[in-house]
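The values are calculated or read from the model by the stated rules, or taken from the named source; none is laboratory data. Since we're looking at a predicted model, the values are computed, not measured. Cβ sites come from the backbone with ideal geometry, for glycine too, and all protein chains shown count toward neighbours.
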Amino acid sequence: MLGRTNNAPESVVAIVHDICQQVVEDDGLQFVGESVSGAAITEEADYTVTLRSLNVRWD
């Protein structure tokens, strides 16, 4: 994603959410897109987003 998307927290959260919704071969892991949250670390940094939370289920 580096250099190819807006690094605003809401943009990164939306991208990760969409990735979590992709249909893949069942391997027992389920990434819960609705649980994704992000926040800016600092406003002055080149990379201002951190992924704060992403829940994963393991069956």
Among (1) in a strand (DSSP E or B); (2) of a type in the set (S, T, N, Q); (3) modelled with pLDDT under 90 - the single one Asn55 does not satisfy: (3)
Leading residue by the ranking (nearest to Ala40 (Cα to Cα)) among those in segment 8-23 that are surrounded by 13 or more Cβ atoms within 10 Å (Cβ to Cβ) and not aliphatic (A, V, I, L, M): Pro9
Report, by residue number, each residue of segment 1-29 that is polar (S, T, N, Q) and either part of a loop (DSSP other than H, G, I, E, B) or over 15 Å from the mean Cα position of the chain (by Cα) (or both). Thr5, Asn6, Asn7, Gln21, Gln22
Anything in segment 24-52 that is in contact with a Lys or Arg (Cβ under 6 Å, 6 or more places away or on another chain) and modelled with pLDDT of 90 or more? List them, or say none. Gln30, Ser37
